[in-house]
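Here the structure comes first, spelled out in structure tokens, and everything after it is commentary.
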Amino acid sequence: MKLKINRDLIYLTIIVALVASLAQLWFSLKIEPAWQEQQARQVEVYYNRDIEMNKLITEQILAADQYVYFSIYTFTRADIKDALLGAKLRGLDVKGIMDIKQTSQIDLQEKIYKELIQAGIPIGFQDHSSIMHTKILVTDKAYISGSFNWTASATDSNDEVLEVGQDESIRKQYLHILQELFRRYPPHLPTETN
């Protein structure tokens, strides 16, 4: 009788181990990839009265590993400038497009432009009389777009929205748009004249 109990206990242990192994396999093949895909497709839309959007932008710049590309109409926020400079110092490819009129008419934006190019960040400008009104940032991991200019008033006063996402398909679409802007208005460092 004692031998039978041990054999039954062994069979029960084997069955429990097999069930546990099959559950782990099912989780690995079904649940985990679906969760990872959901995380990879994450898209959030924010309203600036609920969150400091400038922090969302600097977080995405800090999270980048390879590049940070942008186009912006009005740019006067020092924290975003500092994040871009930090990305350049980390060895990332950083370049952008800015509106030529805003840069020439707003002293703080002109100062930021000069600091960016002095750090080796190429900047392009539109070559038409209309405005460069896009507000896009794309990294190797995420994208940001919306009505939000990189200014104190956009952060503190205006009503603004900002979409932040890691959806690879959407990120690539925004990257394509920026690459087209870079083709039309090539970011460059000014040539020095003596």
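The values are calculated or read from the model by the stated rules, or taken from the named source; none is laboratory data. These numbers come from a predicted model, not from an experiment. No Cβ is skipped: glycine too gets one built from the backbone with ideal geometry, and neighbour counts run over all protein chains shown. Protein only, heavy atoms only, side chains kept; ligands, DNA and RNA dropped before computing areas. Shrake-Rupley method; radii C 1.70, N 1.55, O 1.52, S 1.80 Å.
Working only within segment 87-120, note down all residues that are in contact with a strand residue (DSSP E or B) (Cβ under 7 Å, 6 or more places away or on another chain) and touching a residue at least 60 places away in the same chain (Cβ under 8 Å).
Selection gives K95, G96, I97, I117.
Quick check on G146: is it at positive phi and either within 18 Å of the chain's Cα centre (by Cα) or of a type in the set (A, V, I, L, M) (or both)?
yes
I'm told H176 meets every condition in (1) under 24 Å from V45 (Cα atoms); (2) touching a residue at least 24 places away in the same chain (Cβ under 8 Å) except one. Can you identify the failing condition by its number?
Here H176 clears every test but (2).
Which of the residues that make up segment 150-186 are farther than 17 Å from D99 by Cβ, among the small types (G, A, S) and open to solvent by 20 Å² or more (accessible area, probe 1.4 Å)?
A152, S157, S169
If only one of D99, D156 is at pLDDT 95 or above and among the charged types (D, E, K, R), which one is it?
Criteria check complete, one pass: D99.
Under the condition of being under 21 Å from the mean Cα position of the chain (by Cα) and in a helix (DSSP H, G or I), which residue from segment 85-104 is surrounded by the most Cβ atoms within 10 Å (Cβ to Cβ)?
By that ranking, first place goes to A87.
Taking into account only those residues within segment 118-143 that are over 13 Å from the mean Cα position of the chain (by Cα) and not in a loop (DSSP other than H, G, I, E, B), which is surrounded by the most Cβ atoms within 10 Å (Cβ to Cβ)?
I123
Out of all the residues in segment 49-59, is one or more outside any strand (DSSP E or B), open to solvent by 40 Å² or more (accessible area, probe 1.4 Å), touching a helix residue (DSSP H, G or I) at 6+ places or on another chain (Cβ under 7 Å) and at pLDDT 95 or above?
No: zero hits.
For D107, work out the one condition from (1) open to solvent by 60 Å² or more (accessible area, probe 1.4 Å); (2) over 18 Å from N149 (Cβ atoms) it doesn't fulfil.
Going through (1) open to solvent by 60 Å² or more (accessible area, probe 1.4 Å); (2) over 18 Å from N149 (Cβ atoms) one by one, D107 breaks only (2).
Failed condition for Y46, given (1) open to solvent by 40 Å² or more (accessible area, probe 1.4 Å); (2) part of a helix (DSSP H, G or I), with all others met?
(2)
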